[in-house]
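See below for the structure under consideration.
The values are calculated or read from the model by the stated rules, or taken from the named source; none is laboratory data. No experiment lies behind these values; they were computed from the predicted model shown. When we count neighbours, we look across all protein chains shown, and the Cβ atoms used for this are built from the backbone with ideal geometry, even at glycine. In case anyone asks, the SASA skips ligands and DNA or RNA and just uses the protein heavy atoms, side chains included. Shrake-Rupley method; radii C 1.70, N 1.55, O 1.52, S 1.80 Å.
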Amino acid sequence: MDRVPAALQPFVRVLAAAPDHLRSVALLLSNMRTRLDAVEAGQLAMELRRLAPHDHVIRLLTESVVRRSVRLCQYACVNDDGRNEAFDRALRGCVGSESIVLDIGTGSGLLAMMAARAGARHVYAVEHEPLVADAARKNIHSNGLSDRITVIGKDVLDVRVGEDLPVACDVLVQDIIFAEPFSGGLLKVLQYARSRLLTNHAVLLPDEIEIVGALLGQDSQLPPVSANSKCGFDLSAMDMFQPPVVDVSRPFRPERALSDATRIVSFDLGCPSGIDAAKTIASIVPTMSGRAIGLLYWLKLHLHGSTFEDVPARRSSRGLMLAYFSPPLDVTAGREVALRTECIGDRIAVDVVR
């Protein structure tokens, strides 16, 4: 194995004589992962997986090493068929034979390959995680598209026209958007791309993000709002540790909601500079009376004329978010509830106007 980090090489030479030497190396790697360079450790982990592709023990031992470099969302995006179809449809509608496409956070390279298939003259796919960038190159090569797609293994904020890109691009495609859409530095990336990497009239995919939500009752079988009383003991001091927003497991049955799905706020990604200070008020009308513990919300992506929504009843690569009301709110069917949405840095705060 030529990808063994220098710190492990003496141990690996000894372990090479062991009957299950690959598992022994994987165990050593797992135990020493925090002392090693994340990229070097990840490369060795992937080499072990390549040498023993069907060994479940090796996959388990190397999982924590791989996760230091590769997020699970990279794999989840590839398996979100609804998301894939929506981006493919949008790319076919806006990419032409003269288009120069920039794909930020290419991951598997799927969106870049869609853009090439749609007819783009060239696609520049940016991926800062070395293990993922290497996988993208392999995928692109195996699909015969290496001459039309260039993978740039950099943070997009370090990409330069004239150095990494021959010219500014006229189509931007990206899916570095999570259920809490700005938590991954999306605004900074878009501002930089707008000012340094794109033409003045570049098409953005997506070009708008919409937050859609529904009121949830306290019987929704979701994480409780308060620790309160458990097993006869008062645990209310723990309430200070309750996060204001939590990720909710999918899928979610809509009959648990106290309102229909409602548009709460939308953000124009073509003008990212004003988003981080945005404040809006939206109205939502309960369809049932009860005690609302918070707002369950998800994303709807606008893709140059078409849309894709992460509705609660289906699985997708993004999560659902639950913004708790503190305290919970008693609502009456048919009586409007006003919600205040505010961007604070890269987070979104949602609360009731009382």
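Here are the numbers:
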{"item": "FRET efficiency, ALA7 to VAL161 (Cβ-Cβ, R0 45 Å, nearest 0.05)", "result": "0.70"}
{"item": "Residue-wise HN-Hα coupling along segment 30-46, computed from phi with Karplus coefficients 6.51, -1.76, 1.60 (Hz; x: Gly, Pro)", "result": "4, 5, 9, 4, 6, 9, 10, 4, 4, 5, 4, 4, x, 5, 5, 4, 5"}
{"item": "Potential extension, ARG92-ASN200 segment - 0.36 nm per residue separation minus Cα distance", "result": "36.8 nm"}
{"item": "Heavy-atom accessible surface of the chain: percent carbon and sulfur, 1.4 Å", "result": "52 percent"}
{"item": "Surface accessible to a 1.4 Å probe, SER142 within the full protein complex, Å²", "result": "90 Å²"}
{"item": "For the chain: rounded, prolate or oblate by the Cα gyration tensor [a/c cutoff 1.5]", "result": "oblate"}
{"item": "Heavy-atom SASA rank of CYS77, CYS169, CYS271 (probe 1.4 Å, accessible area, largest first)", "result": "CYS271, CYS77, CYS169"}
{"item": "Accessible heavy-atom area order of GLU163, GLU208, highest first, probe of 1.4 Å", "result": "GLU163, GLU208"}
{"item": "Loop-located chymotrypsin sites (Phe, Trp or Tyr not before Pro) in segment 2-109, at most 10 other Cβ atoms within 10 Å (DSSP)", "result": "none"}
{"item": "Calculated from backbone phi, Karplus (6.51, -1.76, 1.60) coupling profile of segment 338-343 in Hz, x at Gly/Pro", "result": "8, 10, 9, 10, 9, 8"}
{"item": "Heavy-atom SASA rank of TYR124, TYR297 (probe 1.4 Å, accessible area, largest first)", "result": "TYR124, TYR297"}
{"item": "Estimated [θ] at 222 nm from DSSP helical runs (n ≥ 4, -39500 (n - 2.57)) normalised by residues in the chain, nearest 500", "result": "-8000 deg cm²/dmol"}
{"item": "Long-range lysine pairs (8 or more apart or interchain), the chain, Cα under 22 Å", "result": "5"}
{"item": "Along each principal axis, Cα extent of segment 1-156, largest first, Å", "result": "57, 28, 25"}
